[in-house]
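Read-outs throughout are calculated quantities, based only on the coordinates presented, and are distinct from any laboratory measurement. Here the structure is a predicted model, which is why all the values come from computation and not from measurement. Positions of Cβ are generated from backbone atoms using ideal geometry, with glycine treated the same way; all protein chains shown enter the neighbour counts.
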Amino acid sequence: MNLILVSILTLVVVGALAAVILFFVSKKFHVFEDPRIDEVEAALPAANCGGCGFPGCRNFANACVKADTLDGLLCPVGGTPTMEKVAEILGKTVVAAAPTVAVVRCSGTCDNRPRKNKYDGVNHCFIAHNLYSGETGCSWGCLGLGDCELSCQFDAIHVNPVTMIPEVDEDKCTSCGACVKACPKMLIELRKKGPKSRRIYVSCRSQDKGPITKKACEVGCIGCSKCFKVCPHDAITIENNLAFIHDDKCKLCRKCVEVCPTNSIIELNFPPRKVKTEETAVEA
Amino acid sequence: MRTFRIGGIHPAENKFSAGQKIKTANLPKQVAIPLAHYIGAPAEAVVAKGDIVKVGQLIGKANGFISANVHASVSGKVNKIDVQLDASGYKRAAVFIDVDGDEWLETIDRTQTVVRECNLTKEEIIKKVAEAGIVGLGGATFPAHVKLSPPPGKKAEVLVINAVECEPYLTCDHQLMLEKGEEIMVGISILMKALDVNRAVVGIENNKKDAIALFQKLAKEFKGVEVTALKVQYPQGGEKQLIDAAIGRQVPSGALPIEVGAVVQNVGTTFAVYEAVQKNKPLFERVMTITGKSATNPGNYLVRLGTMLSEVVDQAGGVPADTGKIVGGGPMMGRSLMTLDVPMAKGSAGVLFIQNMESLRKKMQTCIRCGKCVNVCPMGLEPYLLMNQSEREMWADMESNKVMDCIECGSCSYTCPSNRALLDYIRFGKSTVGGIIRSRQARKS
């Protein structure tokens, strides 16, 4: 009986003593943390994807609170609605940023780009890229081994088993940029989602000369600059035998899509063209 | 018998082309001479389209200190300067020349007589070696003149000649030693003069007994040259391994062989030095081995640079029907080629046909922690650990585990009972860590 009493009493005394010490220590060494950081963090999507450029949502919240303006700070997952909430908490203003989405700039499917050799190594793009230029004649295109798929936390990008080219699920993609970093061929780009998700982009990264590109892939950009000449908005530049459409200047007129001889310019989510244009195309 | 202290393996030797006389390959119709080497900055083209060039004429000028000159290997008209898929699997700059006759520069001495006397000074020899565009012919293609000019404050004591040819299948160095023994010996004495050393050790693996006998006989006529027979062990041809095996000195981690007073040159390089200094002949041809278990006609061929490998292979009996993989170089360090339409480069030591069943990778299984890879690693690393860290992108840990010491010999992958792709992951980690280190140094300076 005595033994139990002694041990209980000892524990109580030790506990009380520790509580008192801890109380004073916590007062003495108290670090003031802006309570708004917690609020901002609660407003963020808690994906901790790193898409904003900060390691985790809390660090992004911290940066938001400390920053004078919210320019350049964007949570790609939450987009403008989240940033508006953050701005409300902090009493700052935010400029609505156009939502972006990942696009894969390669159309070298098995049909378009015949496989010339068989890769027998480890199933990782980065290792294959380290070894050689790939299974096809194109040294710029997609290797199809799915590093982007592995890197995506949101289940938004998948390699199509038939075409061996990754496809982005627009509804799930938060444009966090993980796949952009994962792709050793630098094929994935974050582009403006566009009105009604309508987008036009050059789906090729080949900087080889035209004949070489054409030989390796049916739908590669050969740098013929037809699109550059036809574009009324100066949105297209040609560099190193490759066309690039700047999404901030592009007005989605689709003229470049019509003139592209190799169909390497892709239009997404547009309504089907009028029959009339098709007829004129046939006549011409 | 001597060998290196740590690790090593002994794969089946399969030297089918041993004893085959060096045949001169036919002149091709067109060559594509690569301007880039495996190591160093690519050379800068000094000819233009339409120029008429002679054999041995300079067509690419070295671009920087670690870079080498490139010379025309044929005579004819420059067709174009364009990109060409080379053995690295990437398209790189090359000079295309349409062959017209075989007209050599007048300065090149084409006689077969051996010239023993060399009255040039140290500087003159190094200058000649640099002008001739000589690179290490063992495979790494490191410019030879860089090795011959040690950094200030460092002094070479011993010249080590790499005549081990530890790669299975390959026999080009072996055959070169048998046919050009005296020339190589003169080359060694020239290199000794250039380095100002009075001791040279030729390391030859014990599976080349005829070459050892020949060299021991020749060594009596040349002062300071020793010939050492070494136990057959892969990767004895690695610079650090060879220094350990031949002269018993260990190069510290991250240091160059000059730290222990050694300079290593390949036997093929030594022959090229002889030709450059005594015969004024720049490096534009080399001996390569065409071999394989089912190759109809395995042999050693003297090939001009820039010749398409497919043309050489056709002369050697073509690609065997049961080929599953074609490897440029030896089976251990070589890279598989995706096409034979790649030009012969200074580092191409061979073409190897691997049979269908042998060429396929086996299914990768989990690591059973047997430690065989640790046992065989010639650099004393822990390959299983490095692979795991590379998979998890733990670059800082890889750096502290000395991934940069890896010589990519592939002994770990060869020995792994679980068929793990150790080298692939380590090589990736090594290139990433190397990039991190370089950017760190750039930021510092």
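Helix by helix through chain A, keep the DSSP H runs that span 18 Å or more along the axis on Cα and average at least 1.0 on Kyte-Doolittle, and give those back in order. The qualifying helices are A:2-28.
Convert 10 °C to kelvin, take the viscosity as 1.306 mPa s, use the Kirkwood radius over C-alpha pairs of segment B:73-172 as Rh, and evaluate the Stokes-Einstein diffusion coefficient in µm²/s, rounded to a whole number. Answer from the Stokes-Einstein relation: 89 µm²/s.
When the Cα atoms of the protein assembly as shown are enclosed in a convex hull and the volume is divided per residue, what value in Å³ results? Could you put the intermediate results ahead of the total?
Working: hull volume 184.0 nm³, N = 729.
So the per-residue Cα hull volume is 252 Å³.
Two-decimal Rg/Rh of segment B:374-440 from alpha-carbon positions, Kirkwood Rh? Could the numbers behind the result be given before it?
Working: Rg = 11.1 Å, Rh = 11.7 Å.
Radius of gyration over Kirkwood radius for segment B:374-440 works out to 0.95.
Global dimensions of segment B:213-281 from alpha-carbon coordinates: Rg and Dmax equal 14.1, 39 Å.
Of the GluC sites (Glu not before Pro) found in segment B:47-129, the ones in coil according to DSSP and having at most 16 other Cβ atoms within 10 Å of their Cβ are B:Glu103, B:Glu106, B:Glu117.
Of all DSSP beta bridges confined to chain B, the antiparallel ones make up roughly 60%.
Both numbers refer to the Cα atoms of segment A:100-283; Rg and Dmax are 16.5, 50 Å. Dividing the Cα radius of gyration of chain B by 2.2 N^0.38 Å, with N the residue count, gives 0.96.
Rounded to whole Å and ordered largest first, report the semi-axes of the equivalent ellipsoid of segment B:331-385 derived from its Cα gyration tensor (root of 5λ). Working shown, then result.
Details: eigenvalues 178, 59, 16 Å².
That gives 30, 17, 9 Å for the three semi-axes.
Going from the residue with the fewest nearby Cβ atoms within 10 Å to the one with the most, B:Tyr169, B:Tyr425 rank B:Tyr425, B:Tyr169. In plain terms, the bigger the Kirkwood radius, the slower the diffusion; for segment B:294-367, with that radius from Cα pairs, at 10 °C and 1.306 mPa s, Stokes-Einstein puts D at 121 µm²/s. With contacts taken as Cα pairs under 8 Å and at least 6 residues apart, segment B:372-444 reaches a relative contact order of 36 percent.
Among A:Ala19, A:Ala87, A:Ala63, the largest mean-square fluctuation in a Gaussian network model of chain A, built with springs joining Cα atoms closer than 10 Å, belongs to A:Ala19.
For every helix of n ≥ 4 consecutive DSSP H residues, a contribution of -39,500 (n - 2.57) applies; sum these over chain B, divide by its total residues, and give [θ] at 222 nm rounded to the nearest 500 deg cm²/dmol.
Details: 14 runs with 130 residues, N = 445.
When only DSSP H runs of four or more count, the value is -8500 deg cm²/dmol.
Please report the antiparallel percentage of the DSSP beta bridges confined to the protein assembly as shown, to the nearest 5.
Details: 54 of 79 bridges.
Around 70 percent antiparallel, to the nearest 5.
Dividing the convex hull volume of the alpha carbon atoms of segment A:35-90 by its residue count gives 65 Å³ per residue. Normalised by residue number, the volume inside the convex hull of the Cα atoms of segment B:25-99 is 85 Å³ per residue. Thinking of segment B:353-394 as a set of Cα atoms, what percent of all their pairs are more than 17 Å apart? When every Cα pair of segment B:353-394 is considered, 52 percent fall beyond 17 Å.
Would you please calculate the Kirkwood hydrodynamic radius of segment B:326-445 over all C-alpha pairs and express it in Å, rounded to one decimal?
Values: mean 1/r = 0.0629 Å⁻¹.
Evaluated over segment B:326-445, this radius sits at 15.9 Å.
Taking A:Val162, A:Val20, A:Val65 in turn, the Gaussian network model of chain A (Cα-Cα springs below 10 Å) assigns the largest fluctuation to A:Val20. Who wins for biggest fluctuation among B:Gly133, B:Gly435, B:Gly292 in a Gaussian network model of chain B, springs between alpha carbons below 10 Å? Sorting by GNM fluctuation, first place goes to B:Gly435.
Within 10 Å of each residue's Cβ, count the other Cβ atoms and sort B:Met387, B:Met338, A:Met1 from fewest upward.
Values: B:Met387 25, B:Met338 21, A:Met1 5.
Taking fewest neighbouring Cβ atoms as first place, the list is A:Met1, B:Met338, B:Met387.
Just round it to a whole percent: the fraction of Cα-Cα distances in segment B:56-132 exceeding 17 Å. It works out to 63 percent of all Cα pairs. The relative contact order of chain A comes to 14 percent, based on Cα pairs under 8 Å that sit 6 or more residues apart. The calculated pair-distance distribution of segment B:165-268 uses every alpha carbon pair, bins of 5 angstrom beginning at 0, and gives 2, 12, 24, 25, 21, 12, 4, 0 percent. Residues B:Asp424, A:Asp171, arranged from fewest to most other Cβ atoms within 10 angstrom of their Cβ, appear as A:Asp171, B:Asp424.
Compute and list, largest first, the equivalent-ellipsoid semi-axes of segment B:258-329 from the alpha carbon gyration tensor, each √(5λ) rounded to a whole angstrom. Write out the running numbers ahead of the final one.
Values: eigenvalues 187, 57, 17 Å².
Over the Cα atoms of segment B:258-329, the semi-axes work out to 31, 17, 9 Å.
Here is the list for segment B:26-68: trypsin sites (Lys or Arg not before Pro) lying in DSSP coil, each with at most 15 other C-beta atoms within 10 angstrom of its C-beta, are B:Lys29, B:Lys49. Loop-located GluC sites (Glu not before Pro) in segment B:194-255 (DSSP state other than H, G, I, E, B) with a sparse environment of at most 14 neighbouring Cβ atoms within 10 Å: B:Glu221. Annotation: segment B:117-193 has a Kirkwood hydrodynamic radius of 14.0 angstrom, from the mean reciprocal C-alpha pair distance.
Note that segment A:1-116 carries a Kirkwood radius of 18.8 Å, evaluated over its alpha carbons pair by pair.
Hey, any idea what the orientation-averaged projected area of the convex hull of segment B:197-325's Cα atoms comes to, in nm²?
Details: hull surface 43.3 nm².
Dividing the Cα hull surface by four gives the mean projection, 10.8 nm².
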